[in-house]
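FYI, it's all coordinate maths here, none of it is from the lab. If you're wondering where the values come from, they're calculated on a predicted model, not measured in any experiment. Counting neighbours? That spans all protein chains shown, and the Cβs are built from the backbone with ideal geometry, glycine included.
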Amino acid sequence: MIVVFLGPPGSGKGTQAKKLSQELGLLHISTGDLLRDAVRKGTELGKRAKEYMEKGELVPDSLIINLIEEVMPQDGGFILDGFPRTTAQALALDEMLRKHGRELQKVVLFNISEEAVVERLSGRLSCSQCGAVYHIKNHPPKKEGVCDLCGGELLQREDDREEVIRKRFRVYAEQTRPLVDFYKEKNKLVSLDAEKGVEEINKELLEVLKDGS
Ligand code: ADP
Ligand code: AMP
């Protein structure tokens, strides 16, 4: 099964993708995580992507499409979290899947307001070691500043500051939201209320995806 998670930053795509990938045995491909890893390691991609990410802008399509071409598996199911984010990326994805003789089953749209996004992202903490995601109020770690899973240090992301969050929300509205119609026309889109709790959304996802093979 091949699934795309579409939605504004902070709508809970990563949280749900991590859970669902374990439950359904799917690979979780997050372009944001891959880019942050490249920035940390100082690779050529990381050096080129860094300034866009800090400003809350999208990294150029050509870099992202090359990245996805490198990491997309030939077989086995996967969840794309944070890709595609532009029409050019969506067309490139269609073409890649066609070449591999594969098909996208569903695109899940995470609906959420800008204010809820600001509240979530200004409280988000991410593990510097394993990437696990917490929230100061909604999902606090057992011990302050320490990851429950691996003991790594929890940090706030550079781009989770209010002005950058609002910029990222605007970028989503302008460049990514047109994909809602793109996938609606292809009959691939399912929407969910991303302001519900983590467990409730997880249940809905399992229901929506249960007959996908
Ligand atoms: P995205 O991957 O879409 O940017 P995340 O999964 O990182 O979003 O979630 C953003 C923040 O909101 C995190 O701090 C996370 O713990 C919290 N969060 C995720 N889903 C929910 C939810 N359903 N209700 C409340 N908080 C949530
Ligand atoms: P995310 O972790 O999904 O919130 O992404 C963090 C940042 O990485 C974004 O603000 C962009 O700068 C960049 N990024 C991630 N995925 C993409 C993509 N598909 N296209 C362009 N830029 C991306």
Legend entry - Cα Rg, Dmax (largest Cα-Cα span) when computed across segment 149-213, Å: 16.5, 45
Legend entry - Nonlocal amide H pairs with VAL107, under 5 Å, H built at 1.01 Å: VAL4, LEU189, VAL190
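Report the FRET efficiency, 1/(1 + (r/R0)^6), for LYS47 and GLU199, where r is their Cβ-Cβ distance and R0 is 45 Å, rounded to 0.05. Intermediate results must be reported in sequence, preceding the final value.
Values: r = 40 Å, r/R0 = 0.88.
The calculated FRET efficiency here is 0.70.
Net charge within 14 Å of TYR183 by Cβ-Cβ distance, Lys/Arg positive one each and Asp/Glu negative one each, not counting TYR183 itself? Let's see the in-between values first.
Details: positive: ARG85, LYS106, ARG177, LYS184, LYS186, LYS188; negative: ASP94, GLU103, ASP181, GLU185.
Charge balance near TYR183 sits at +2.
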Legend entry - Segment GLN156-ILE136, extension gain: residue separation times 0.36 nm, minus the distance between their alpha carbons: 6.2 nm
Inset, instruction - Compute the distance in nm between two label points, each set 7 Å from the Cα along the Cα-to-Cβ direction, one at ASN187 and one at LEU206. - result: 2.8
Inset, instruction - Apply the Karplus parameterisation 6.51 cos²θ - 1.76 cosθ + 1.60, with θ equal to phi minus 60°, to every residue of segment 53-67 and state each ³J(HN,Hα) to the nearest whole Hz, in sequence, with x for glycine and proline. - result: 5, 4, 7, x, 9, 7, 6, x, 3, 4, 5, 5, 5, 4, 4
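Counting DSSP beta bridges with both partners in segment 78-195, what percentage is antiparallel, nearest 5? Walk me through the numbers on the way to the answer.
Working: 8 of 13 bridges.
In segment 78-195, DSSP labels about 60 percent of beta bridges as antiparallel.
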Inset, instruction - Mind giving me the FRET efficiency for ALA173 and LEU91? R0 is 22 Å, r the Cβ-Cβ distance, nearest 0.05 is fine. - result: 0.60
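Among 47-55, 136-144, how do they line up by average Cβ neighbours within 10 Å per residue, starting with the highest? Mind dumping the intermediate values first?
Details: 47-55: 15.1, 136-144: 12.0.
Ranked by mean Cβ neighbours within 10 Å, highest first: 47-55, 136-144.
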Legend entry - P(r) of segment 1-115 over all Cα-Cα pairs, binned every 10 Å from zero, in whole percent: 13, 45, 35, 6, 0
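Only bridges whose two residues both fall in the chain count here: according to DSSP, what percent of them are antiparallel, nearest 5?
Details: 8 of 25 bridges.
Here the share of antiparallel DSSP bridges comes out near 30 percent.
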Inset, instruction - Provide the per-residue ³J(HN,Hα) series for segment 68-82, in order, calculated from phi with Karplus coefficients 6.51, -1.76, 1.60 and θ = phi - 60°, each as a whole number of Hz, with x at glycine and proline positions. - result: 5, 4, 6, 9, 5, x, 6, 9, x, x, 8, 10, 9, 10, x
Legend entry - P(r) of the chain over all Cα-Cα pairs, binned every 10 Å from zero, in whole percent: 8, 34, 40, 17, 1
